[in-house]
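The values are calculated or read from the model by the stated rules, or taken from the named source; none is laboratory data. Remember, it's a predicted structure, so these values are computed and weren't measured experimentally. Cβ placement follows ideal geometry from the backbone for every residue including glycine, while neighbour counts extend to all protein chains displayed.
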Amino acid sequence: MNPAPNLILVGPMGAGKTSIGKRVAERFGLVFVDVDQVIVDRAGASIPALFEHVGEAGFREREKSVLGDLLSGAGQLLSTGGGSVLDADNRDRMRQRGYVVYLRVGVEAQLRRLGRCTNRPLLQRPDREQVLHEMAVLREPLYRDVADLTLDTDGLTPPEATARLIQSLAHRWRPIEEDA
């Protein structure tokens, strides 16, 4: 059994971090937090607008700050952005303050799930499949490195993936209470 104050979901866009995360948070009595939504709320701007005005580097700085703030808390399920693992400090903080689950998904499933999504700045190009392959090559080792558990979501509906994850977590993780 691996106790940790938070449960953290990592993985590429389209892996199911939000849809699965909400269900798992409810099952374990955790507060669901979408890290990207907190960034948007604090900045008062959408992710595409942030990318346009401060670039990816500026967005990543905000992501690091928000993630650091959130990880100081406990009793949460954090759904991280796909690129959050690019920063070594983020990975270290995740390991220290959470039980990390990598939701793995293949590029073909990502393309199906993301459809014509317009709110993901890194995919606003005609070569979406190539972009996803390139991101996978770079990020896959980082997801694996930080993860305590990996769940392949290819071919699973969100309820099926949720059931599998809950079953796996029941034997591997328990939340720990911290003094406030």
Test: Ala74 is without any contact (Cβ under 8 Å) to a residue 40 or more places away in the chain, surrounded by 14 or more Cβ atoms within 10 Å (Cβ to Cβ) and over 26 Å from Leu132 (Cα atoms): no
Meets criteria (β-branched (Val, Ile, Thr), more than 17 Å from Lys17 (Cα to Cα) and either modelled with pLDDT of 95 or more or surrounded by fewer than 16 Cβ atoms within 10 Å (Cβ to Cβ) (or both)) for Val137: yes
Candidate set from region 77-92 (those that are more than 18 Å from Phe28 (Cβ to Cβ), crowded, with 20+ Cβ neighbours inside 10 Å and in contact with a helix residue (DSSP H, G or I) (Cβ under 6 Å, 6 or more places away or on another chain)); member that is modelled with the lowest pLDDT: Gly81
Options Arg23, Arg60, Arg42; residue that is in a helix (DSSP H, G or I), closer than 25 Å to Pro141 by Cα and not aliphatic (A, V, I, L, M): Arg60
Lone qualifier among Val107, Val85 - being β-branched (Val, Ile, Thr) and under 19 Å from Ile47 (Cα atoms): Val85
Gly14 on the phi > 0 side of the Ramachandran plot, of a type outside the set (Lys, Arg) and crowded, with 20+ Cβ neighbours inside 10 Å: yes
Filter result (at pLDDT below 95 and part of a helix (DSSP H, G or I)) within region 140-158: Pro158
